[in-house]
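Take a look at the structure below.
The values are calculated or read from the model by the stated rules, or taken from the named source; none is laboratory data. As the structure is a prediction and not an experimental result, all values here were calculated from the model. We place every Cβ from the backbone using ideal geometry, glycine too, and count neighbours over all the protein chains shown. Side chains are part of the model used for accessible areas, which takes the heavy atoms of the whole protein and leaves out ligands, DNA and RNA. Shrake-Rupley method; radii C 1.70, N 1.55, O 1.52, S 1.80 Å.
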Amino acid sequence: MSKKITRFLSIITGIAAVILLAATITLSIQAGEQKNISQQSIPVYLTSNQPMVILLQEPDPGSIVATILARGTPVEATDYSKRGSITWYHVVIDENISGWVQAEFISIDSL
């Protein structure tokens with residue numbers, strides 16, 4: 001009788017392991033799909049009261065300047081970060097030029 005119980009428990013454990021593996025794979029695929037969605041870029045323009053807009057290397061006012069671009073420059077917003085009360089957008093001009101800019105300097109309309 002003991003061997004039958006052990007065998008039954010082994011079968012149940014195996015079935016549970018397969019179910020958990022399937023669930024893990026499903027969740028992993030869903031997480032990968034969500035990551036791809038968040039990596040889409042949105043075309044926007046740099047805006048400012050000044051003729052130039054400063055892009056920083058990190059989403060922090062004390063960060064090093066990555067580049068300075070003219071107001072109205074079309075860019076691609078690829079990511080965002082909320083730091084305290086300030087929202088920052090990571091923008092890309094081309095494969096060599098990118099940086100972070102505060103949300104107030106982003107517009108979906110051209111100037």
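Ligands, DNA and RNA left out, the 1.4 Å accessible surface of the chain is 59% carbon and sulfur atoms. With N as its number of residues, the chain has a Cα radius of gyration that, divided by 2.2 N^0.38 Å, comes to 1.87. Relative to the longest principal axis of the Cα atoms of the chain, the long axis of helix 2-38 lies at roughly 10 degrees. Here SER28 sits with roughly 80 square angstrom of accessible surface, probe radius 1.4 Å. GNM remark for the chain: springs join alpha carbons under 10 Å apart, and the peak mean-square fluctuation among SER98, SER85, SER48 falls on SER85. Tell me the accessible surface of PHE8 in square angstrom (1.4 angstrom probe, heavy atoms of protein chains only), to the nearest ten. About 120 Å², rounded to the nearest 10. Starting from the amide H of ASP79, placed 1.01 Å from N in the peptide plane, find each other amide H under 5 Å away whose residue is 5 or more places distant or on another chain. Those lying under 5 Å, H to H, from ASP79 are HIS90.
Calculated FRET efficiency, SER85 to SER28, Cβ-Cβ distance, R0 = 25 Å: about 0.10 to the nearest 0.05.
Structural descriptor for the chain: relative contact order 25 percent, calculated from alpha carbon pairs under 8 angstrom and at least 6 residues apart. Accessible area of TRP88 (1.4 Å probe, protein heavy atoms only, ligands and nucleic acids ignored): about 10 Å². The amide H of GLU58, built 1.01 Å from its N in the peptide plane, has ILE64, TRP100 as neighbours under 5 Å, considering only residues 5 or more places off or on other chains.
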